[in-house]
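Reading through the structure tokens given below for one structure.
The values are calculated or read from the model by the stated rules, or taken from the named source; none is laboratory data. Keep in mind that what you see is a predicted model, and the values were worked out from it rather than measured. Virtual Cβ from ideal backbone geometry, glycine too; neighbours counted across all protein chains shown. Each accessible area value is taken on the protein alone, full model and side chains, heavy atoms only, with ligands, DNA and RNA left out. Shrake-Rupley method; radii C 1.70, N 1.55, O 1.52, S 1.80 Å.
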Amino acid sequence: MAKINQIDVIGSLGILLAAKAKGLVPDVAPLFGQIEQSDVYLSPDLSATVLKLAGEK
């Protein structure tokens, strides 16, 4: 549906990065950790990339 309406899909990790960039959250790592502890699978490479983009590793 998003693609049909020409809306970019960024996912929950993209939302976390955007929130940090706008100063809405001070750190991504604690929130990211909560996602990692859920039933959602995140590859180690994706995890490292997100934390690197957030400037936290």
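Mind listing whichever residues of the stretch 31-57 are of a type in the set (Gly, Ala, Ser) and outside any loop (DSSP other than H, G, I, E, B)?
Taking the stretch 31-57 and keeping what is of a type in the set (Gly, Ala, Ser), we get 33, 38, 43, 47-48, 54-55.
The answer is 33, 47, 48.
If you go through the stretch 42-57 one residue at a time, do you hit one that is open to solvent by less than 90 Å² (accessible area, probe 1.4 Å), among the β-branched types (Val, Ile, Thr), touching a residue at least 12 places away in the same chain (Cβ under 8 Å) and in contact with a helix residue (DSSP H, G or I) (Cβ under 9 Å, 6 or more places away or on another chain)? Step through it out loud before you land on a result.
Initial filter on the stretch 42-57 (open to solvent by less than 90 Å² (accessible area, probe 1.4 Å)): 42-43, 46-51, 54-56.
Next cut, among the β-branched types (Val, Ile, Thr) only: 49-50.
Filter again for touching a residue at least 12 places away in the same chain (Cβ under 8 Å), leaving 50.
Next, from what is left, pick out any that are in contact with a helix residue (DSSP H, G or I) (Cβ under 9 Å, 6 or more places away or on another chain): 50.
The answer is yes; a qualifying residue exists.
Out of the residues in the stretch 1-19 meeting the condition of being within 17 Å of residue 42 (Cβ to Cβ) and outside any loop (DSSP other than H, G, I, E, B), tell me which one is nearest to the chain's Cα centre (by Cα).
Keep residues of the stretch 1-19 that are within 17 Å of residue 42 (Cβ to Cβ), which gives 9-17.
Checking which are outside any loop (DSSP other than H, G, I, E, B) leaves us with 11-17.
Working: 11: 7, 12: 5, 13: 2, 14: 4, 15: 6, 16: 4, 17: 5 Å.
Only one residue fits best here, namely 13.
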Do you know which of the residues in the stretch 20-30 that are over 18 Å from residue 47 (Cβ atoms) and assigned to a loop (DSSP other than H, G, I, E, B) is least open to solvent (accessible area, probe 1.4 Å)? 23
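Inspect all residues belonging to the stretch 32-39 and state whether any of them is touching a residue at least 12 places away in the same chain (Cβ under 8 Å) and hydrophobic (A, V, I, L, M, F, W, C).
yes
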Only residues in the stretch 1-18 that are exposed (fewer than 12 other Cβ atoms within 10 Å of the Cβ) count as the first member; pair them with residues that are among the charged types (D, E, K, R), Cβ under 9 angstrom, at least 6 apart or cross-chain, and list the lot. 2/8; 9/3
Among what's in the stretch 31-41 and is open to solvent by 90 Å² or more (accessible area, probe 1.4 Å) and of a type in the set (S, T, N, Q), pick the residue that is nearest to residue 11 (Cα to Cα). 34
